Structures are given as C-alpha cells and as structure tokens.
Amino acid sequence: MSSNSPLTHRLAAIKAEGRAALIGYLPAGFPTVEGSIAAIKAMIAGGVDIVEVGFPYSDPVMDGPTIQLAAGRSLAQGTSAADVLSIVKAIAATGTPTVVMSYWNPIARYGVDNFARDLALAGGSGVITPDLTIDEAAEWLVATERNSIDPIFVVAPSSADERLAKVVNACRGFVYAASTMGVTGTRSAVANTAETLVERVHGATSLPVCVGLGVSNSEQANEVAQYADGVIVGSAFVRVLLDAPDLASGLMAVEELAKSLAAGVRR
C-alpha cells in the first residue's frame, strides 16, 4: 500500500539529502499539555525532523521506567484522548510530520474508526501500535486506509522471516525496528542486533526502516544513522525534562539535546 502522507514525503526528502531522519518522542501531557507542546517545539527547533506523540497509558508494556514515570504524571493530571489530538494538531500545524504512538487499548476505547478519522482531522500522519499484532489488525488497517493514516507496526530481532514479511507488508510510512528485545530507555550502547534487523527489513520492503530503543546521544545517533533510515529518540528527551528544575531550563535542555542528536545523524 502506498502512502501520500506528510511523513512519507518528509522521509523521502531526507533520504534524498543522503542522511537518516531524526525522530523525537515525548508523551502527551508531560509535563503538562501546554508544556508538552512547548517541549516538542523545542525538539523541532533543535533539529528533530519528525515527531512521535505518546498516548499515555496505564500499562505501557514496551516502555521503560523513564517514560513510565512521565506518562504516569501525565495521566495523574487527567490527560485525555482529546488532549493527545490537540497536541498533534498544534505540532502538525508547524509543518512537522506528526505520528502518535499508542497502545491498542486507548484506541479501541476511543473507537477504532473514530480515532483514525480524528487523527487525520488533526493533521496527524500515522500511528505506531507496539502491542497490536498483525493477526488482530484487520479493523485498524481498514480504518487507517479509509482515513489516509499510516499504520506503523513494530518488528523485533526475534521476528521470524515469514512474520517479518507479513508485518512490513501492512506498514505504511515506515517500519519501526526495535533494536533489542527489552523496553525503552537510554543505554550505554545500541544493541548490535539492530543492524542485522534493519538489513532483514530492507530485504522485505522498500519502506524506510527507523530504529528505536536505546539511542540517547550524538555518537549512538550517528552509529544507527549509518544503516537505518531514521533514528528514534524518546527516553533521553524525557530524562532531560524530568531532571530540569523548571520548564524553561527543561526546554533549553531539550533543544540542546536535539541539536546534538541532529548533528549526529547529519555527520
């Protein structure tokens, strides 16, 4: 299935520049709804090409302690689906392709077709669904197709070839390659399984392959950018916001981290 989304166009333009894309993640509503919009805009100012807005959820099986802490704070403040969509709308309005990362339960609760429709109305490009298996995705694939939203699935080093081919065939926009079998979080080194996984995905699809889980600094971003089409960074952005004494210094730290990571993918 082909895609005509802002996400697809941005990834193609970046590939034409001969580099990897930098994709930045933050949970919606952290530190507040307005604060998350400001923080994402700081990421963009620092050089992030594509934004991933996390839909905070109470049982985030793929998220490590840093993102869990931030999402928990967001939920405690009552961040809703409407807030997630308003954040997407504010960020997409900057011209930056914006996707949502959501576990399946919040989408199912909102209404599968309703979520795809309202995300499209907000200007969103796609949705990453880490816990939705391809075998249970039929309704979602119909809804995303109908509303021109890119469905993005996650593949892992453990995915068998036949399974991998099935998953990437259903993706649009890009394929999310999890670098390791663990949860999100900054690591001292990116797993060496990532490069092998990217090679396997490239063998099964012409879609861009973006690597997440574990990238936290310029050197790691540069390393992953040598073989992947995109480098996804989440926990490192969340961590600098958590560590900041106030929002203003947090925004400065986010922009500085983005500049450093952007230099890494462009080096």
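The values are calculated or read from the model by the stated rules, or taken from the named source; none is laboratory data. Computed from a prediction, not measured in an experiment: that's the story for all the values here. Because the Cβ atoms are built from the backbone with ideal geometry, glycine has one as well, and the counts that use them run over all protein chains shown.
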Being touching a helix residue (DSSP H, G or I) at 6+ places or on another chain (Cβ under 8 Å), surrounded by fewer than 18 Cβ atoms within 10 Å (Cβ to Cβ) and modelled with pLDDT of 95 or more is the filter here, so list the residues in region 58-94 that pass it.
86, 89, 94
For residues that are under 22 Å from residue 261 (Cβ atoms) and under 17 Å from the mean Cα position of the chain (by Cα), tally how many sit in region 69-87.
3
Among the listed residues 111, 123, which satisfies the condition of being at positive phi, among the small types (Gly, Ala, Ser) and within 20 Å of the chain's Cα centre (by Cα)?
123
Give me the pairs, please: first residue somewhere in region 63-77 and on the phi < 0 side of the Ramachandran plot and among the hydrophobic types (A, V, I, L, M, F, W, C), second residue anywhere and buried (at least 19 other Cβ atoms within 10 Å of the Cβ) and modelled with pLDDT of 80 or more, beta-carbon distance under 6 Å, and either six or more positions apart or on two chains.
67/235; 67/238; 70/27; 70/30; 70/238; 71/27; 71/56; 75/56
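Each row is one residue, and each column tells you yes or no for (1) closer than 20 Å to residue 15 by Cβ; (2) modelled with pLDDT of 95 or more; (3) polar (S, T, N, Q).
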{"position": "157", "(1), (2), (3)": "no, no, no"}
{"position": "161", "(1), (2), (3)": "no, no, no"}
{"position": "170", "(1), (2), (3)": "no, yes, no"}
{"position": "182", "(1), (2), (3)": "no, no, no"}
{"position": "194", "(1), (2), (3)": "yes, no, no"}
{"position": "215", "(1), (2), (3)": "yes, no, no"}
{"position": "260", "(1), (2), (3)": "no, yes, yes"}
{"position": "263", "(1), (2), (3)": "yes, yes, no"}
Taking region 208-267 and keeping residues under 20 Å from residue 27 (Cα atoms) and of a type in the set (S, T, N, Q) leaves 216, 217, 235, 249
Anything in region 155-177 that is aliphatic (A, V, I, L, M) and either out of contact with any helix residue (DSSP H, G or I) (no Cβ under 8 Å at 6 or more places or on another chain) or without any contact (Cβ under 8 Å) to a residue 24 or more places away in the chain (or both)? List them, or say none.
160
Kindly check whether there is at least one residue in region 103-114 that is touching an Asp or Glu at 6+ places or on another chain (Cβ under 9 Å), charged (D, E, K, R) and surrounded by fewer than 22 Cβ atoms within 10 Å (Cβ to Cβ).
yes
Against the condition over 17 Å from the mean Cα position of the chain (by Cα) and at pLDDT 95 or above, how does residue 188 come out, does it pass?
no
